[in-house]
Amino acid sequence: MTAQSWQLKRGDALVGTLTLDGVDMFWTDCRFEPAAAWETVRPLFEASRDAWRRGDEDGALAADEAIYEAELVLVPGDGGAPITDFLLRVSGETARFRS
């Protein structure tokens, strides 16, 4: 059986692939494998992660808004409908999202 996965895309560019590890309440926990376009959005995710870690809620929310404005889409590997409205956290080889 193939693990559930999603392609993170920006337009036609593949940013990375998320593969399901588990579900924790409202969040879907995944392994993250970056693709070539990851470098174009990586600073947005680092800004969000760093702001949340230092307790800067305003900075974190602004960073999350910048991620949303990047028009990223999660495309299910099973051919389901693309997910366009979600929160996504990426840190190294892990990711989690909620939609």
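The values are calculated or read from the model by the stated rules, or taken from the named source; none is laboratory data. Only a predicted model underlies this, so the values are computations on that prediction, with no experimental measurement involved. FYI the Cβ positions are ideal-geometry reconstructions off the backbone, even for glycines, and counts take in every protein chain you see.
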Hits in region 73-96 - residues which are free of Cβ contacts under 8 Å to residues at least 40 places away in the same chain and either small (Gly, Ala, Ser) or in a strand (DSSP E or B) (or both)
Gly79, Gly80, Ala81, Leu87
Being part of a loop (DSSP other than H, G, I, E, B), free of Cβ contacts under 8 Å to residues at least 40 places away in the same chain and out of contact with any Gly (no Cβ under 8 Å at 6 or more places or on another chain): is that true of Gly55 here?
yes
Going by what's in this entry, would Ala66 be described as touching a residue at least 12 places away in the same chain (Cβ under 8 Å), over 11 Å from the mean Cα position of the chain (by Cα), buried (at least 16 other Cβ atoms within 10 Å of the Cβ) and part of a helix (DSSP H, G or I)?
no
Could you list, in sequence order, all residues of region 39-76 that are in contact with a Ser or Thr (Cβ under 7 Å, 6 or more places away or on another chain) and closer than 13 Å to Leu8 by Cβ?
Ile67, Val73
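I'd like to check something: does region 11-23 contain any residue that is in contact with a Gly (Cβ under 9 Å, 6 or more places away or on another chain), surrounded by fewer than 17 Cβ atoms within 10 Å (Cβ to Cβ) and not polar (S, T, N, Q)?
From region 11-23, those in contact with a Gly (Cβ under 9 Å, 6 or more places away or on another chain) are 17, 19; that's our starting set.
From the residues that got through so far, the ones that are surrounded by fewer than 17 Cβ atoms within 10 Å (Cβ to Cβ) too are 19.
Those still in the list that are not polar (S, T, N, Q) too: none.
Checked region 11-23: no residue is in contact with a Gly (Cβ under 9 Å, 6 or more places away or on another chain), surrounded by fewer than 17 Cβ atoms within 10 Å (Cβ to Cβ) and not polar (S, T, N, Q).
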Top-ranked residue in region 77-99 [being farther than 11 Å from Leu8 by Cα and among the polar types (S, T, N, Q); ranked as modelled with the lowest pLDDT]:
Ser99
